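> Here it is: the structure, laid out below.
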Amino acid sequence: MTAQALTLADMKPEQDKAEDSRRFWDRTARKYAKGKISDQASYDKSLARTRDYFAKDSDVVEIGGGTGTTALLHAPFVKHITGTDISSEMVAIAREKTAESGPLNADFIAAVADDLPFANASFDVAMAHNLYHLVEDVDAALREAHRILKPGGVFITKTPALGDMNPFIKWVVLPVMQRIYGITTLHKFTKDEWQQALARAGFTIDAVEYHDKGGENGRAFIVARK
């Protein structure tokens with residue numbers, strides 16, 4: 001046995017974990033949709049930097065995009081944007097937002113990050129924010145993001161490096177929260193480990209920036225290229 005004790009969730013088959021995750025996000029989708037952005041200035045800066053990599057003819061996908069807020073804000077700047085999420089309830093909310101106010105060049109589908117329903121080389125830009133610490137098979141999910149990008153395509157992520165957090169938060173607070181909220185997977189990779197995972201998937205990193213108030217203690221905004 002390893003030093004870190006296994007939980008029942010750890011021993012579940014991956015398919016069961018994915019189903020647990022889907023149910024969790026379906027249950028919390030409506031509450032999640034009512035939440036406020038905690039750091040609006042950081043969010044706005046990340047939106048602006050992302051748009052630096054758009055063109056009017058860009059086909060864009062957001063993986064794990066929740067209720068579609070970010071995708072809909074980006075839609076006026078691209079040819080078409082597709083949002084995905086594991087939760088059909090999250091997707092339903094995104095579609096409701098689209099029906100209320102448009103735009104017409106956005107659509108949303110339910111899909112898991114490690115098995116995306118798109119052909120090879122479908123998109124100019126892929127985005128995935130606050131996602132991969134929650135995905136069961138990170139390497140498989142990153143390979144999928146790489147697969148669906150066109151050659152030279154851009155992959156933009158903003159991912160928390162939980163492994164760099166205060167040890168008390170990492171090993172005491174986070175596991176308690178994970179159990180309370182029923183989150184089956186929570187990876188605690190460091191910033192270096194996260195960049196290594198991107199490299200394993202075939203990406204070359206173009207830029208690493210920190211837009212959050214915490215600077216380098218926050219989530220890294222990373223631009224990588226296929």
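Read-outs throughout are calculated quantities, based only on the coordinates presented, and are distinct from any laboratory measurement. Quantities reported herein were computed from a predicted structural model and do not represent experimental measurements. All Cβ positions, glycine included, derive from the backbone under ideal geometry; neighbour counts span all protein chains shown.
> For GLU216, what is the net charge nearby, where nearby means another residue's Cβ is under 11 Å from its Cβ and Lys, Arg count +1, Asp, Glu -1?
-1
> Connecting C-alpha atoms closer than 10 Å in a GNM of the chain, tell me which of ALA140, ALA128, ALA106 has the biggest fluctuation.
ALA140
> List the extent of the Cα atoms of the stretch 137-222 along each of their three principal axes, largest first, rounded to whole Å.
Largest to smallest, the principal-axis extents are 42, 28, 18 Å.
> Still on this structure, please answer the following. Once the dipole of the chain is set up with Lys and Arg at +1 and Asp and Glu at -1 on Cβ about the Cα centre, which of THR28, TYR53, GLY152 lies farthest towards its positive end?
Among THR28, TYR53, GLY152, the one farthest towards the positive end of the dipole of the chain is THR28.
> Compute the long axis of helix 191-200 from its Cα atoms, compare it with the longest principal axis of the Cα atoms of the chain, and write down the angle in degrees, 0 to 90, nearest 10.
60 degrees
> Sticking with this one: Which one, ASP114, ASP139, ASP44, has the greatest fluctuation when you compute a Gaussian network model over the chain with C-alpha springs under 10 angstrom?
Judging by the Gaussian network model, the answer is ASP44.
> Shifting gears a bit: With charges set only on the Cβ (+1 for Lys and Arg, -1 for Asp and Glu), what does the dipole of the stretch 166-226 come to about its Cα centre, in debye to the nearest 20?
In total the dipole reaches around 220 debye.
> Please give, to one decimal in nm, the separation of the simple spin-label points placed at MET177 and LYS213, each 7 Å out from Cα toward the Cβ.
Inter-label distance under the simple model: 1.5 nm.
> Where the centroid of each part is defined by its Cα atoms, how far is the stretch 193-226 from the stretch 41-72 in Å?
Spelled out, the Cα-based centre of one part sits 16 Å from the other.
> For the chain, modelled as a GNM with alpha-carbon contacts under 10 angstrom, which of PRO175, PRO103, PRO160 fluctuates the most?
Of PRO175, PRO103, PRO160, the Gaussian network model singles out PRO175 as fluctuating most.
> Could you work out [θ]222 nm for the chain from helices alone, using -39500 (n - 2.57) per DSSP H run of at least four and dividing by all its residues? Round to the nearest 500 deg cm²/dmol.
Computed ellipticity for the chain at 222 nm equals -11000 deg cm²/dmol.
> Set the Förster distance to 22 Å, then compute FRET efficiency between THR190 and ARG49 from the Cβ-Cβ distance, nearest 0.05.
The formula returns an efficiency of 0.45 here.
> A further question follows. Between the helical axis of 88-101 and the dominant principal axis of the chain, each derived from Cα atoms, what acute angle in degrees is found, rounded to the nearest 10?
That helix lies at roughly 30 degrees to the long axis.
> So what is log10(I(q)/I(0)) for the stretch 43-162 at q = 0.16, 0.18 1/Å, when the Debye sum runs over its Cα atoms only?
-0.70, -0.90
> Continuing with the same structure: Kindly state, to the nearest 0.05, the FRET efficiency for GLU19 paired with HIS80, given R0 = 30 Å and r defined as their beta-carbon distance.
So the FRET efficiency works out to roughly 0.50.
> Let me ask something else. Could you name the lysines in cross-link range of LYS97, using Cα to Cα under 21 Å and dropping any fewer than eight places away on the same chain?
Once the sequence-local lysines are set aside, what remains near LYS97 is LYS31, LYS34, LYS36, LYS79.
> A further question on this structure: Across 10 Å bins from the origin, how do the percents of Cα pairs in the chain run, short distances first?
All Cα pairs considered, the percentages come to 8, 32, 40, 18, 2, 0.
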